[in-house]
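All remarks here apply to the structure that follows.
We did not get these values from a lab; they are worked out from the coordinates using the rules stated. Everything numeric in this text was worked out from a predicted model, so none of it was measured. Ideal geometry is used to build each Cβ from the backbone, glycine not excepted, and the neighbour counts take in all protein chains shown.
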Amino acid sequence: MLQSFKTFIAASCVLGAISTGAFAQDEVDPNQVLATVNGTEITLAHVIALRSELPQQYDQFPSALLFQGIMDQLVQHTLMMQSIEGNASFKSQIAIENETRAIMAGEVLQGIVSEDPSEDSLRTLYDEKYPVDLQETEYRASHILVETKEEAAALVADLEGGADFAELARKKSTGPSGPSGGDLGWFGAGDMVEPFFEAVVELEQGEVSPPVQTTFGWHVIRLAESRSRARPEFDTVKAQLIEEARQASVEAFVSDLRENAEITRAATDDINPDVILNFDLLEQ
């Protein structure tokens, strides 16, 4: 849809802008019918809803231009929809069901997160997350991730021989931090998988670890520096606390729904997970 809409906008820009006078109203009814296509109504609400889905790049165009473009797009979509003989394809029916779920769930989610948590609840969360006597050590380290212990041991030997850690990371690491020399930035307890973090804690500044195994593979780690982090001021973390409180509200809401719902799941042990890539199953 967006590609054809872009084509329309490009053509309209050449022809010139459309007068906004026809659309300027002090009071409008979202159910106002703007067009009828073989008995199917297109309302102002349909236009507004489609406009809300357009990416930010469309903000550069005048509203009058977008209004006409969206109207034409809705008429075109309606005509093409009506051209289908019988019911929509199985693939389309499933997509409509999924989209309906997503839209309605999004509406519920928006209702939950739109409510700001109280100041008291934020203060309580702050005290739980950042105790008065908080003293936490943060670390800045780099790592090289490889698949086998032998590869990791060879890297340690190269480093002991004077090889540059960052250069080795760029050449050998399979992790996403490889192109940046393996730098992981600052992190604290709970930010890394436990075997990795435990190895970092044991290192002195500038020291390189022996091979360390995690679920991601084998790591060679170099500690750059560490620092102590005291309790932050409430105002500096308030925005983060608000997001955490909202997330907790969502999780509690969903948990309550689950507890009061009757949910049955079929056994899926005999289903090959790769079946989700068999898109031909939707072509019925």
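Once phi is turned into ³J(HN,Hα) by the Karplus curve 6.51 cos²θ - 1.76 cosθ + 1.60 with θ = phi - 60°, what whole-Hz value does each residue of segment 233-246 show in order, with x for glycine and proline?
Result, ordered by residue: 5, 4, 5, 6, 10, 4, 4, 5, 5, 4, 5, 5, 5, 5 Hz.
Using the alpha-carbon centroid of each, what span in Å lies between segment 43-72 and segment 133-186?
49
With θ set to phi - 60° and the Karplus curve 6.51 cos²θ - 1.76 cosθ + 1.60, what are the ³J(HN,Hα) couplings of segment 141-147 in order, to the nearest whole Hz, using x for Gly and Pro?
Running phi through 6.51 cos²θ - 1.76 cosθ + 1.60 with θ = phi - 60° gives 9, 10, 8, 10, 9, 9, 8 Hz.
What ranking do V250, V208 get, fewest neighbouring Cβ atoms within 10 angstrom at the top? The partial results should precede the final answer.
On the way: V250 14, V208 17.
Arranged by neighbour count, lowest to highest, V250, V208 become V250, V208.
Fewest first, what order do S173, S92 take by the number of other Cβ atoms within 10 Å?
Ordered from fewest to most neighbouring Cβ atoms within 10 Å, S173, S92 come out as S92, S173.
Within 10 Å of each candidate Cβ there may be at most 15 other Cβ atoms; applying that plus a DSSP loop requirement, which GluC sites (Glu not before Pro) in segment 185-284 survive? Write out the running numbers ahead of the final one.
On the way: sites: E198, E202, E204, E207, E225, E233, E243, E244, E251, E259, E262, E283; in loops: E202, E204, E207, E233, E262, E283.
Those satisfying the criteria are E202, E204, E207, E233, E262, E283.
Number of Lys pairs in the chain with C-alpha atoms less than 29 angstrom apart, excluding same-chain neighbours closer than eight positions? Working shown, then result.
Values: K6/K91; K129/K238; K149/K171; K149/K172.
Lysine pairs meeting the criterion: 4.
Consider just the alpha-carbon atoms of the chain and return their Rg together with their Dmax, both in angstrom.
Over the chain's Cα set, Rg and Dmax evaluate to 28.4, 80 Å.
Arrange M192, M71 by Cβ neighbour counts within 10 Å, fewest through most, would you?
Details: M192 20, M71 17.
The order, fewest Cβ neighbours first, is M71, M192.
Summing -39500 (n - 2.57) over the DSSP H runs of n ≥ 4 in the chain and dividing by its residue number, what mean residue ellipticity at 222 nm do you reach, to the nearest 500 deg cm²/dmol? Before the final figure, lay out the partial values.
Numbers: 9 runs with 132 residues, N = 284.
Computed mean residue ellipticity for the chain: -15000 deg cm²/dmol.
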